[in-house]
Amino acid sequence: IPDGSVVLINEAVAAPPVNGKIYLVCYRDELFIKRLKVKEGRVLSLISDFDGSEVPIKKSEYFNIIGRAIWYGKDL
């Protein structure tokens with residue numbers, strides 16, 4: 001998702017997170033729009049589409065899924 005884009009977030013997603021889908025999450029009191037690496041219903045890391053880097057999710061730190069990204073747009 002390019003910088004400056006408008007992102008539509010579906011906050012009504014009640015299903016467990018899906019591996020490889022993009023979500024708006026709060027981790028360590030910061031907001032991120034990232035792909036999630038999920039295994040057996042547990043989020044393991046946040047994945048950047050920009051460079052493929054991963055941020056592992058530590059069980060002891062605050063993590064909350066706000067919603068799933070379903071659309072984005074950008075001014076031309």
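On inspection, V13 does not qualify as modelled with pLDDT of 95 or more and not polar (S, T, N, Q). Taking strands (runs of 3 or more DSSP E) as the structural unit, those lying wholly within the chain and holding at least 1 residues that are touching a residue at least 60 places away in the same chain (Cβ under 8 Å) and surrounded by 12 or more Cβ atoms within 10 Å (Cβ to Cβ) correspond to 6-10, 63-73.
The values are calculated or read from the model by the stated rules, or taken from the named source; none is laboratory data. Owing to the predicted nature of the structure, the values given are computational and were not obtained by experimental measurement. So basically every Cβ, Gly included, is an ideal-geometry build from the backbone, and we count neighbours across all protein chains shown.
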